[in-house]
Amino acid sequence: MDYTALNEGIRRGVDELGGLDLLCANAGLASYGGVLDLTPEQWGDVMDVHVTGSWNTVRAAAPFLSRSDAGSIVLTSSTGSLRAEAYIAHYVTAKHGQVRLTKSLVIELSPFGIRGIAIYPTSANAHMITNAVTQRLMSENAGGSEKLDQAARAKNLLGVPWIDAIDVANAVLFVHLDEARYITESAWPWMRAPYWSELTF
């Protein structure tokens, strides 16, 4: 990530719009492989997007957020950070990193009135999941495409196979409302079933 370009983009936005109140670091990247089979490039790419990208974004935005009366930061982690999962060790590790980054930034930025929240979406109906390669891998692991929906539903306590991107966006929006003005250092998971099939995604 080009930190200089990111910082300049945020500065121009603040100049044009008059301020910055809410930051959401929501970029996502996934690839698949066993712990010993992942390439350095796979590991590095996932860490760069999720951890370094989140840190750079917070670093660039925090000086402008501190001028707001209601500055808040949301980092999009994953239910994958709540437990280990096979074949995505780099993704799970990066998502754990985002959670710890959130906790650390809350301690340091609270004196400036900035709140921090980590959210933990389950599998979402978005391109990272719906692309052809991931769909093929999930179908193979589920024992066929006809079993994929059943396996996906078994992973969620509410019995839905996926959530939609708007569900995540609504949670981010709520965090910034006046009704949530004292919510900080909080984690919001979309609940998964405590036990589920061996399908991993």
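The values are calculated or read from the model by the stated rules, or taken from the named source; none is laboratory data. Bear in mind the structure is a predicted one, so any value in this text is a computation, not a measurement. Don't worry about glycine lacking a Cβ; one is built from the backbone with ideal geometry, like all the others, and counts go over all protein chains shown. These accessible areas exclude ligands, DNA and RNA; they are computed on the full protein's heavy atoms, side chains included. Shrake-Rupley method; radii C 1.70, N 1.55, O 1.52, S 1.80 Å.
Across the alpha-carbon atoms of the chain, the computed radius of gyration and Dmax are 17.8, 54 angstrom. Run the accessible area of the chain with a 1.4 Å probe and give the carbon-and-sulfur part as a rounded percent. Carbon and sulfur atoms account for 57 percent of the accessible area of the chain.
By the rule of a C-alpha distance below 30 Å, with chain neighbours fewer than 8 residues away ignored, the lysines paired with Lys103 are Lys95, Lys155.
Listed by chain and number, the aspartates and glutamates placed with their C-alpha closer than 15 angstrom to that of Lys147 are Glu198; residues fewer than eight positions away on the same chain are left out. Axis of helix 53-65 versus longest Cα principal axis of the chain: the two differ by about 30°, to the nearest ten degrees.
For the options Val46, Val35, Val175, a Gaussian network treatment of the chain with springs between C-alpha atoms closer than 10 Å singles out Val35 as fluctuating the most. Taking all protein chains together, Trp55, Trp43, Trp162 sort by accessible area into Trp55, Trp43, Trp162, largest first [probe 1.4 Å].
Rounded to 0.05, the FRET efficiency of the Asp167 and Leu36 pair, given R0 = 41 Å and the Cβ-Cβ distance, is 0.70. Each of Ala30, Val133, Ala89 was placed along the dipole of the chain (beta-carbon charges, centred on the mean Cα), and the one lying farthest toward the positive end is Ala89.
Compared with the direct C-alpha span, the chain from Leu157 to Ala132 gains 6.4 nm at full extension, assuming 0.36 nm per residue. Taking the chain as a Gaussian network, Cα atoms linked when under 10 Å apart, which of Gly97, Gly33, Gly18 shows the biggest mean-square fluctuation? Highest fluctuation of the listed residues: Gly18.
Across Arg59, Arg83, Arg100, mean-square fluctuation computed from a Gaussian network of the chain (C-alpha pairs under 10 Å connected) peaks at Arg83. On a per residue basis, the stretch 47-123 carries 38 Å² of accessible surface, using protein heavy atoms and a 1.4 Å probe.
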